[in-house]
Amino acid sequence: MAQSVLTIDLGAICTNWQSLARMSAGETAAVVKANAYGLGADRVSTVLAKAGARTFFVAQAEEGVAVRDALGPGPRICVFGGHMEGDASLIRDANLTPMINSIDQMLRHVEALPGHPFGIQLDSGMNRLGMEPAEWSALRDIALSQNPVLVMSHLACADEPAHGMNAFQLQTFRQMTDGIDAPRSLSATGGTLLGPDYHFDMTRPGIGLYGGLPFVDALPAVSLSIPVIQVRDVHPGESVGYGNSWVARVPSKIATISAGYADGIIRAMGPKAHVWAAETRCKIVGRISMDLIGVDVGNVAETPVTVELLGRHQSVDSLAEAAGTIGYEILTSLGNRYARTYLDP
Ligand SMILES: *Cc1c(COP(=O)(O)O)cnc(C)c1O
């Protein structure tokens, strides 16, 4: 079998959620947008609901429908994108809670689904989603009279604890919401780690559940094992892969492994990336192809049957560094071609 195996540790995801929940002053939700950062929103949501999560966040209404199908009635499923044109029947039928981002969305929501629960998203400085202070002042009394289930905002720099933007956004969020009755939420994983001033009534971790920074104490949640298809001797002066970008200087042993950029293994990381053959670190050589990658296994005692790209030896964040990106992008790029195995809690 030339299929790589992606193992997703649902127990580690539950443990990470519980660790963040112990840190959080109020309720701890779970962010499962983008198919739970690529790991499977149905499986992840189901185990987190069993572990005690009562509120889930997705980016788009369609994602919310999939999570509702997995969870059944009960848990609250909130949509960051709010109430978009054409969403009314999805929001009603799957009982989703849109986070209203503007006066236009508010009007659309109360007109299409009067009395249907909603939350409010405020912009405290990131300039991405939510109502700005002036818009909020205009709408505030009317919106609050409709009893929003949550009033939230989002931090731009929470992964840099010393960044002045954190205190600025905290102050802005307080100015916009102090004294209201509705529950409040400001923090994702990074903000949760900034301490209780940032927690309010609910934290909303995503990446920390899946083993990524900035939650340094997270348990790794994924491992990726890639089969070796062939091993060959390459003589000095011979090249490996497209464009002859790597040329052997000494007699070399090169394994061809069965995964490539079509699986989300970012092509640009090639020159800096490694895989592991049991306990030995092996360099990727030559260009990453669509389905294949060359690996120098000259220092491995026994010819490996598989190599590890993610797992015990290499985290999503160390791989991200080789690619000049972040763990979030490594996770959400994980391909559809892998055999996915779930370890139950
Ligand atoms: C993605 C997202 C989160 C979760 O962020 P992490 O950094 O993955 O914990 C929380 N809130 C909002 C608004 C988001 O977009």
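We did not get these values from a lab; they are worked out from the coordinates using the rules stated. Because the structure is predicted, anything quoted here is derived from the model rather than measured. Virtual Cβ from ideal backbone geometry, glycine too; neighbours counted across all protein chains shown.
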Provide the convex hull volume over Cα atoms per residue for segment 222-343, in Å³. 99
Taking the chain and counting helices only, DSSP H stretches of n ≥ 4 at -39,500 (n - 2.57) each over all residues, the nearest-500 ellipticity at 222 nm comes to -8500 deg cm²/dmol
For segment 237-303 and segment 48-107, distance of Cα centres in Å: 43
Find me the longest stretch of the chain that has none of the exposed trypsin sites (Lys or Arg not before Pro), where exposed means in a DSSP loop (not H, G, I, E or B) with at most 16 other Cβ atoms within 10 Å. 129-248
If you average 1/r over every pair of different alpha-carbon atoms in segment 293-345 and take one over that average, what Kirkwood value in Å do you get? 13.4
Can you sort TYR342, TYR210 so the residue with the fewest Cβ neighbours within 10 Å comes first? TYR342, TYR210
Dimensionless Rg/Rh of segment 10-210, both radii on Cα and Rh by Kirkwood, sits at 0.95
Kirkwood Rh, angstrom, the chain [1 / mean 1/r, Cα pairs]: 21.8
